[in-house]
Amino acid sequence: MRGREVPSFYLFMPLKDKVQNLLDEALQENPSLFLIESKINSGNSIEIIIDGDEGVTVENCIAISRAIEHNLDREEEDFSLQVMSAGVSEGIKHVRQYKKNIGRKLKVKTTEQTIEGELVSATEDVIELTWKAREPKPVGKGKVTVTKEAAIAYKDIVEAKVMITF
């Protein structure tokens, strides 16, 4: 999109629609990137959070920023623009984020419970976690370590975060 003339139909669109169209075009140019969140706050402060199947580089953020900024007229609308990568503290919100984090430890809060476990699979509808737990022996005293599994539907997930271990 760099250096191209702004199509005339953009001139009459609200800023939100212009930004969304430009963002969609920029993401189509790099299909490994995907949108996590896009918002326009008061004062036309535009915030875009992206992620990627192989992570996000500074260059990716710059490319998205330029694709939007170079196609908006500052004389028509004053705005500020921030393009950033999804941080670990923000949690997982997109199915593609789950898929790229297979093999990592997650903390998943559902409507019923909170589970910390390894993400072993992610389909379009559910994730599957495994973890170890200590439980009383079926016979006798003491405890044994058992492997637990849970399949959790995305609709039941309240919050999910990647656990960083050092």
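Values quoted throughout were computed directly from the atomic coordinates according to the rules given, and no laboratory measurement underlies them. Remember, it's a predicted structure, so these values are computed and weren't measured experimentally. All Cβ positions, even for glycine, are placed from backbone atoms using ideal geometry, and neighbour counts span all protein chains on display.
Give the distance, in whole Å, between the Cα centre of segment 28-66 and the Cα centre of segment 69-86.
Result: 12 Å between the Cα centres.
Straight-line reach from Lys105: which aspartates and glutamates have Cα under 16 Å away, leaving out those fewer than 8 places along the same chain?
Glu90, Glu116, Glu118, Glu128, Glu149, Glu159
Which value, in Å³ per residue, describes the convex hull spanned by the Cα atoms of the chain?
Looking at the chain, the number lands at 146 Å³ per residue.
Hey, in the GNM for the chain with a 10 angstrom Cα cutoff, which one of Glu118, Glu77, Glu128 fluctuates hardest?
Glu77
How large is the Rg to Rh ratio of segment 95-162 when both quantities use alpha carbon positions and Rh follows Kirkwood?
1.07
I need the calculated FRET efficiency for the pair Lys155 and Asp24, taking r as the beta carbon distance and R₀ as 22 Å, to the nearest 0.05.
0.30
Please find the FRET efficiency linking Glu69 to Lys107, where r is the Cβ-Cβ separation and R0 is fixed at 45 Å, and quote it to the nearest 0.05.
0.80
Set the bar at 23 Å for Cα to Cα. Now go through Lys132/Lys161; Lys99/Lys143; Lys16/Lys107; Lys93/Lys155; Lys107/Lys137 and name every pair that lies beyond it.
As for pairs spanning more than 23 Å Cα to Cα, those are Lys99/Lys143; Lys16/Lys107; Lys107/Lys137.
Among Val144, Val88, Val58, whose mean-square fluctuation peaks in a Gaussian network model of the chain (Cα, cutoff 10 Å)?
Between Val144, Val88, Val58, it is Val144 that shows the largest mean-square fluctuation.
Hey, what did segment 19-63 get for relative contact order, percent, Cα under 8 Å, at least 6 apart?
It rounds to 30 percent for segment 19-63.
Length gain on complete extension for the stretch Asp78 to Asp125, per 0.36 nm per residue less the alpha carbon to alpha carbon distance?
12.8 nm
Any idea what angle helix 58-69 forms with the longest principal axis of the chain, computed on alpha-carbon atoms, 0 to 90 degrees, nearest 10?
40
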